[in-house]
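These notes concern the structure reproduced below.
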Amino acid sequence: MKLEGQVAIVTGGATGMGRGISIVLAREGARVLVNYRASRAAAHEVVEEIERAGGVAVAFAGDVQRDEQVRAMVASVEERWGRLDVLVNNAGWSKVTPHWKLEELTDEIWDRTLNTNLRGAFYCCRAAVPLMRRDGGGSIINNASASAYSAAGSSIVYSASKAAMVNMTKSLARALAPDIRVNAIAPGLVHTRFAGWPEEAFEQGRMNSPLGRIASVEDVAATVLFLAADAKAITSETILVDCGATMLATSRPNRQR
């Protein structure tokens, strides 16, 4: 197993992409802290699924917007397992707000989006670094978004927060080298409950995809595993996980052939 003996934190690990990431890391031998803010039942279901498969996991309630709760989460890992090797900053928040409806992008949406997606990820990195370095380093993976490049996400501030996360990933990679590798993934549209996208949005994504499909939770989790376990010579990178939609948007295959 690729992560045998290692310890991982997955923020927002109870649902959607976080759930898939938690399960895959545990399957590869990591002991996983499944962080959640409100999805208590879902978090405990993930832990139970991991344990049924022979893995080790624990659920931990904590809001990444709150520095003291983040520090308590890292302290819990240290007390329970004594080390930290992988941090996945997956927790995120968004509210679908049409980009042209500027008046609907309220201060509340701005603050919660930035505090969760960007400040929260920084809080987690800052709290985790001393413990990761103590045993020789590790890997941080930030869950950004393809909207960091397309600026076409669920809201203007969501896209901006994810573009900032890509930039912060580079800054942290430089600051924390050589002990800790810092990379990001940038999923495109993935069929989860996140942001409350309507079903037709996923169908449109499939139609516009060069590969004729959208990325799955399993695709995202596999990319996180690669960065955590295999990509020993990679840091500061952001990997698009979007079936080519962002880079090949103007050169889609002819569906009539």
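The values are calculated or read from the model by the stated rules, or taken from the named source; none is laboratory data. Quantities reported herein were computed from a predicted structural model and do not represent experimental measurements. Here the Cβ is made from the backbone with ideal geometry for all residues, glycine too, and neighbour counts use every protein chain on show. For the accessible areas, the whole protein counts, side chains as well, though only heavy atoms, and no ligand, DNA or RNA atoms are used. Shrake-Rupley method; radii C 1.70, N 1.55, O 1.52, S 1.80 Å.
General observations
- Calculated FRET value between His191 and Asn167, using beta carbons and R₀ = 22 Å, to 0.05: 0.20
- Mean Cα-pair separation over length for the chain, i.e. relative contact order, pairs under 8 Å, 6 or more apart, %: 18
- Modelled FRET efficiency - R0 30 Å, Ala38 with Glu200, Cβ distances, 0.05 increments: 0.65
- Full-extension gain in nm, Arg133 to Leu248, via 0.36 nm per residue minus C-alpha separation: 37.5 nm
- Taking the protein heavy atoms of segment 1-133 in the context of the full set of protein chains, the accessible area attributed to carbon and sulfur is 47 percent at 1.4 Å.
- Residue-span extension gain [Glu108 to Ala53] - 0.36 nm each, minus C-alpha spacing: 15.7 nm
- With only the Cα atoms considered, segment 53-152 has a convex hull volume of 131 Å³ per residue.
- Under a model in which nothing but the beta-carbon of Lys, Arg (+1) and Asp, Glu (-1) is charged, segment 98-184 shows a dipole of about 460 debye around its Cα centre.
- FRET efficiency, 1/(1 + (r/R0)^6) with R0 41 Å, evaluated for Asp179 and Glu45 via beta carbons: 0.75
- Scanning the chain for DSSP H helices at least 20 Å long along the axis (C-alpha atoms) with a Kyte-Doolittle mean no lower than -1.0 picks out 67-81, 120-134, 156-176.
- The antiparallel fraction among DSSP beta bridges confined to the chain stands at about 0%.
- Segment 196-240 and segment 1-55: distance between their alpha carbon centers, rounded to Å: 19
- Listed peptides 44-53, 199-208, 140-149 by packing density, highest first (mean Cβ within 10 Å): 140-149, 44-53, 199-208
- Heavy-atom accessible area per residue - the chain, 1.4 Å, Å²: 48
- For Rg/Rh (Cα atoms, Kirkwood Rh), calculated from these coordinates, the label among (1) 0.93; (2) 0.96; (3) 1.00: (2)
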